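Notes to accompany the following structure.
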Amino acid sequence: DLDAIVIRAGTGDRLAPLYLLLADRTQERGLERMRADFVANASHELRTPLTSLIGFIETLRGPAVGDTEALPRFLNIMAEQADRMQRIIADLLSLSRIEMTEHQPPTEMIDIALVLRQVAGFMEPILREAEMTLALDIPVDLPQIRGDSGQLTQVFGNLIDNATKYGAIKPDPKTPDGGGTIRVGVAIAPDANFTRPGLVVSVADDGPGIPREHLPRLTERFYRVDKGRARAVGGTGLGLAIVKHVISRHRGRLVIDSIEGVGTTCLVWLPLAPEPARGLQDGQMTV
Ligand code: ADP
C-alpha cells in the first residue's frame, strides 16, 4: 500500500522541480482501521443497553406507570442495563490506563501467592453463588517477581471470573448451570526458549471449553464466542484484552488451552525479577 506524494515547487512557466515521495502506509492504515473499529464497537456496545434504558424510561412515562406490578421488574431490568454500561466503561478505562503504562516495565517487587490469595478472597461470593469450588495450589517460598500488583490482581480476577462464569455452564440445557472446580496453580518454569526463569500461573476450569477456531481471537476487544451467553453472564468482551495488555507490559506470555467438553486452562507466564548484576572479579568463576 504505497502512497505517492508529489510536491511541485517553483512558479510561472519554468519547469518546476518534481519530488516524488513514496510512503508505505500499510501499517498506519491498519492501525487507523483498528482504532476506527474499536470506537465503532465500543459505541455499539454502549448503545445497546442505553437504547433499552431509554425504552423503559419512555414506557414508565406513559400510562403503564399505573401498573404497579410491572414496576419492580422494569426497575430491575433498568438497573441491569445501567450496571452493564458501568462495567463496559470501567473496563474501557482500565484498558486505556494499562495501555498508557505498557511501555514502562513494572518496578514493584511482589509476591504472586499474596496476589492470588487476595483474588480468591474477593471472588468468594461470586464463586459461592455459582456453586463453584476454587482449589489453590501454591508452593511455599516462591521467589518474588517484578510486577504491578494492581494490574496482576485484575488479570487473575478476570481469569477466575471467566472460569466461574463459563465454567459453570452445563452443555445440556436441561441441566441447571452451576457447580464445578477451578484449579489455580503456580510453578517455577522457564520461558518457552528456556532462557529466562519465571513463574507460570494456571487457571483451569472443567467447563464446556472453547471451540478451537475461536482461540486465536479471544484476546481481541469485544470478541465473544457466544455473544448472547456472554452478555447473559455479565461479560463485557474486554476481560481477556485487559489480561493480554497487562501480560505484555510484564513481558510475559499467555497461553489459552481448551478442549471442548473437557475445560479451559489459561497459563500466564511471568518472568522473575532480573537478578541484580553481580560484577565478576578476576579469577572468579560462576557456574
Ligand atoms: P467476557 O467479558 O465476555 O467474558 P473475555 O474477553 O473475558 O470477555 O472473554 C472472551 C470470550 O472468551 C468470552 O465471551 C467467552 O466466550 C470466552 N471464554 C473466556 N474464558 C472462558 C472459559 N474459561 N471457558 C469458556 N469460554 C471462555
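All of the numbers you see were taken from the coordinates with simple rules; none came from a lab. Since we're looking at a predicted model, the values are computed, not measured. Here the Cβ is made from the backbone with ideal geometry for all residues, glycine too, and neighbour counts use every protein chain on show.
The table that follows gives values for the structure above.
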| item | result |
| --- | --- |
| Shape category assigned to region 42-137 from the gyration tensor of Cα positions, a/c cut at 1.5 | oblate |
| P(r) tail fraction, region 177-240 - alpha-carbon pairs more than 14 Å apart, % | 71 |
| Highest average packing first - 53-60, 179-186, 150-157, 210-217, Cβ atoms within 10 Å | 150-157, 179-186, 53-60, 210-217 |
| Residues residue 175 and residue 43, FRET efficiency given R0 of 35 Å [Cβ-Cβ distance, rounded to 0.05] | 0.40 |
| Radius of gyration, Dmax [region 83-131; alpha carbons; angstrom] | 14.9, 40 |
| Separation of the residue 71 and residue 195 label points, Cα + 7 Å toward Cβ, nm | 6.8 |
| Approximate shape of region 115-235 as ellipsoid semi-axes (Cα gyration tensor, √5λ), whole Å, largest first | 27, 18, 14 |
